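Structure first, then comments.
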Amino acid sequence: MAHISVQDVSVDFPIYGAQSRSFKKALFRAATGGMIARDHDRIVVRALDGVSFELRDGDRIGLVGHNGSGKSTLLRVLSGAYEPVRGTVNVEGRIASMLNISLGMDNEATGYENIFLRGIVMGFRPREIEPLVDEIVAFSELGDYIYMPMRTYSSGMAMRLAFAVSTCVSAEILLMDEWLSVGDAEFSEKAKDRLNNVVGQAKILVLASHDESLIEANCNKIMRLSHGELTSTEVIGS
Amino acid sequence: MLAKAMRDLRVGILSVHVWPTLAWQEIRQRYRRSVLGPFWLTISIGVLIAGMGPLYSRLFGQDTSSYFPHLAVSFIVWMLLASLITEGCTSFMVAEGLIKEGRMPLTVHVLRVIWKNLIIFAHHALILVILFLFYPPPLSWALLLVPLAILAIAVNALWVGLFLGMLCARFRDIPLIIQSIVQVMFFLTPVLWTPGALGRHAWAAQWNPLNHLLEIVRGPLLDGRVAATSWAAVIGMALVGFAFVLPVFARFRARVAYWV
């Protein structure tokens, strides 16, 4: 059973090196972005402000909000990268983060080596990746290119490989920042099926997106963020 | 918070499928498409030692057969210490992407730096093998302590790397300061000169922690000594170092993601 509990979470980004004098007012709201506040003479951007929610199996969350409203920060809080300055986050279940699907890959390494590099960054052991290699190579359609350094790949080929590795196993909790679309028309059809499959198997999905139709198609709840605050949670027909 | 810091350390150290891979990848990335790879650096250090050995033994009026091995061992271990310190500063900064993405323990990034530099040290050790053909080290049981001495250096590098990594991620001027300090320490530490040359000012070497880290490797290799005082100093450094760094790490570990 997967479960996410977020209680009164606030995240402040300290901005070092910014001219504190140029912010004459102690508190200042901009049209976009989080709140910029002063805290003991240092400038902080409050990216999340007192956010609380609970997610259980079957929850498919669409995170919406304008640029800088805290969507990506919230995803990174859930992935465990940012520990909040206030509040608690409890995540039960294996997380797969699709925030940056080529993280850990190296242009100078071969495609084959990169499968393992990416796999390790995703939290797998080499012997867990081993049995998946054939399937990944087949799916990415790279053929013998898999033994060539990744710098020889076109950007589309590199993306295919990153996508194939990142989606090779399902996880209980899936975090996504925008939908992944890769490759030419034919491949993108195949990729769509694979992604839908991974998304379908996940018990909890958190998808940040600006695309309303995408969220309607994949989610059953919408959480709206504005200036780092959770302004509304609505259930949508799915 | 201390529990989380201890967990970070434990999980990090046990991630033996992660940090060696990252370390090797970094070396391969740097030397890909070069035929000799890290051995290029080994060659340049070898040439440097071969040139400086005879010259400086005359300048310092010392016997070449004792000065040469001293210089070679000291210099190569110094290279290890210096790069552990300077790269320890940037251990978190260069891993920004990984740190901002997820749950990899921070300890992994420090261990990556340590492992990478041990691999490079192993390349340089080839110089010592060649040197010992001409100036064989005294055979004694103390030689068995050499691998342990390298391990002791690595253990100390872990707390230093955790501390400097955090400090430098927060204050970006520190790496530059540390670099200058390391450069100065090269001349203030008995690398080019022998501690014995200090005469009644020997305290200057005794109070230099870097000297003790050199000495635990140098002692057995040069004159079959255990270097007990230096071992005590090195073990003491590790204990005091971790006692100091653990609370700091517990307090600021979670902030590193915001700093890098």
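Values in this text are rule-based calculations from the coordinates and carry no lab data. Note that the structure is a prediction, hence the values are computed from the model and not measured. FYI the Cβ positions are ideal-geometry reconstructions off the backbone, even for glycines, and counts take in every protein chain you see.
Would you mind working out the magnitude of the charge dipole of the protein assembly as shown relative to its Cα centre, with +1 at each Lys and Arg C-beta and -1 at each Asp and Glu C-beta, to the nearest 20 Debye? Can you show the working numbers first?
On the way: 44 positive and 40 negative charges, 316 e Å.
Value, rounded to 20: 1520 debye.
Placing +1 on the Cβ of each Lys and Arg and -1 on the Cβ of each Asp and Glu in chain B, which of B:Tyr258, B:Val110, B:Ala205 has its Cα farthest towards the positive end of the resulting dipole?
Ranked along the dipole, the leading option is B:Tyr258.
For a quick check: sort A:Lys203, A:Lys192 by the number of other beta carbons within 10 angstrom, fewest at the front.
Working: A:Lys203 20, A:Lys192 14.
With the fewest neighbours first, A:Lys203, A:Lys192 line up as A:Lys192, A:Lys203.
Could you work out which residue, out of B:Leu55, B:Leu167, B:Leu210, moves most in a Gaussian network model of chain B, that is, has the largest mean-square fluctuation with Cα springs under 10 Å?
Maximum fluctuation in the GNM of chain B, among the listed residues, is at B:Leu55.
How large is the Rg to Rh ratio of chain A when both quantities use alpha carbon positions and Rh follows Kirkwood?
Radius of gyration relative to Kirkwood radius: 1.02.
Please get the size of the charge dipole for region A:110-238, origin at its Cα centre, with Cβ charges of +1 on Lys and Arg and -1 on Asp and Glu, quoted in debye to the nearest 20. If you can, show how the numbers build up before the last one.
Numbers: 11 positive and 19 negative charges, 66 e Å.
Rounded to the nearest 20 debye, it is 320 debye.
When ranked by the protection proxy of mean other Cβ atoms within 10 Å per residue, highest first, what sequence do the peptides B:240-253, B:132-145, A:161-174, B:92-105 form? Don't skip to the answer; put the middle values down first.
Values: B:240-253: 15.9, B:132-145: 12.4, A:161-174: 22.3, B:92-105: 19.6.
Result, highest mean Cβ count within 10 Å first: A:161-174, B:92-105, B:240-253, B:132-145.
For the protein assembly as shown, just give the cysteines left without a disulfide-compatible partner, judged by no other Cys Cβ under 4.7 Å.
A:Cys168, A:Cys219
Is region B:151-228 rounded, prolate or oblate when judged by the Cα gyration tensor, a ≥ b ≥ c being the square roots of its eigenvalues, rounded requiring a/c under 1.5 and prolate requiring a/b larger than b/c? Walk me through the numbers before you get to the answer.
Numbers: a/c = 3.05, a/b = 1.64, b/c = 1.86.
The shape class here is oblate.
Other chains near A:78-86: what is the mean number of their Cβ atoms within 10 Å of each residue's Cβ? Please list the in-between numbers first.
Working: counts 0, 4, 5, 9, 6, 8, 1, 3, 0.
Across A:78-86, the average partner-chain Cβ count within 10 Å equals 4.
Rg and Dmax of region B:4-132, using alpha carbons, in Å: what are they?
Cα only, region B:4-132: 18.1, 57 Å (Rg, Dmax).
How many lysine pairs in the protein assembly as shown, separated by 8 or more positions in sequence or lying on different chains, have Cα atoms less than 19 Å apart?
Working: A:Lys71/A:Lys221; A:Lys71/B:Lys100; A:Lys192/A:Lys203; A:Lys203/A:Lys221; B:Lys4/B:Lys100.
Step by step, the pairs that qualify in the protein assembly as shown add up to 5.
Explain nothing, just the number: dipole magnitude of region A:83-143 about its Cα centre with +1 on each Lys and Arg Cβ and -1 on each Asp and Glu Cβ, in debye rounded to the nearest 20. Display every interim value, and only then the final one.
Values: 5 positive and 10 negative charges, 70 e Å.
Roughly 340 debye, rounded to the nearest 20.
Please report the base-10 log of the normalised intensity I(q)/I(0) for the protein assembly as shown, using a Debye sum with one equal scatterer per alpha carbon and no solvent, at each q in 0.06, 0.07, 0.10 (1/Å).
Reported log10 I(q)/I(0), two decimals: -0.36, -0.49, -0.89.
Per residue of B:95-104, how many C-beta atoms from partner chains lie within 10 Å of its own C-beta, taken as a mean? Don't skip to the end; give the middle numbers.
Working: counts 0, 0, 5, 5, 2, 7, 11, 14, 7, 6.
Other-chain Cβ atoms within 10 Å of each residue's Cβ, averaged: 6.
Label B:Phe171 and A:Glu130 with points 7 Å out from Cα along Cα→Cβ: what is the distance between them in nm?
In this crude spin-label approximation the distance works out to 4.8 nm.
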